[in-house]
Every structure is written in C-alpha cells, then in structure tokens.
Amino acid sequence: MPSLQTTASSPRELIHAVNNFLSLVVCAGEVALDESSPLEPERALESILAGADDLTALVRASRAELASRS
C-alpha cells in the first residue's frame, strides 16, 4: 500500500485520506482472498497493517494541526 501524506490541512482532506485508505483495504482484502490471486494473504495483511499505522499517524498529526488552528 502506498504511504499516506503526513498531515491533512482540513477535516475534509482528512476524511478523504481515511476514505481512500478504507477503499485500499477492501481492494487488498478482495485480491488476497481470491483463490486465483498470486498475492498471499499474509502479505496483504502486512500491507494493511502498515497502512493502518500510517493512517493512525496521519490522524494524530492532523488532529493536532487542526486543533492548533482553532
């Protein structure tokens, strides 16, 4: 999974990043569970978990950034 940006400059941008991540998770899961796919479920899970870590960091950084503007 591609890395996410480091902060979102607005709530809308943060929601967009979360939505994109969730879409990637669904796609990776579908591909990994497809019996004819060469992608191993373990590799897909590793990618999903790494993306979740990136998303957590993005949400935390963005929350702090947006709070400092208020």
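The values are calculated or read from the model by the stated rules, or taken from the named source; none is laboratory data. All values derive from a computational prediction rather than experimental measurement. Cβ sites come from the backbone with ideal geometry, for glycine too, and all protein chains shown count toward neighbours.
Do the conditions hold for Leu39, that is, is it among the aliphatic types (A, V, I, L, M), modelled with pLDDT under 85, part of a loop (DSSP other than H, G, I, E, B) and loosely packed, with under 15 Cβ neighbours inside 10 Å? It would help to see each step written out before you state the result.
Details: among the aliphatic types (A, V, I, L, M): yes; modelled with pLDDT under 85: yes; part of a loop (DSSP other than H, G, I, E, B): yes; loosely packed, with under 15 Cβ neighbours inside 10 Å: yes.
Criteria met by Leu39.
Considering the range 1-27, and only residues there that are among the aliphatic types (A, V, I, L, M) and at pLDDT 85 or above, the residue that is farthest from Glu65 (Cα to Cα) turns out to be Val26. Just the residues that are exposed (fewer than 12 other Cβ atoms within 10 Å of the Cβ) and not hydroxyl-bearing (Ser, Thr, Tyr), please, taken from the range 4-21. Scanning the range 4-21 gives Pro11, Arg12, Ile15, Asn19.
Step by step: first the residues of the range 52-67, then only those that are farther than 25 Å from Gly29 by Cα and buried (at least 16 other Cβ atoms within 10 Å of the Cβ), then the one that is farthest from the chain's Cα centre (by Cα). Which residue is that? Per the criteria, the residue is Leu66.
Taken over the range 40-68, residues that are in contact (Cβ under 8 Å) with a residue 12 or more places away in the chain and polar (S, T, N, Q) amount to 2.
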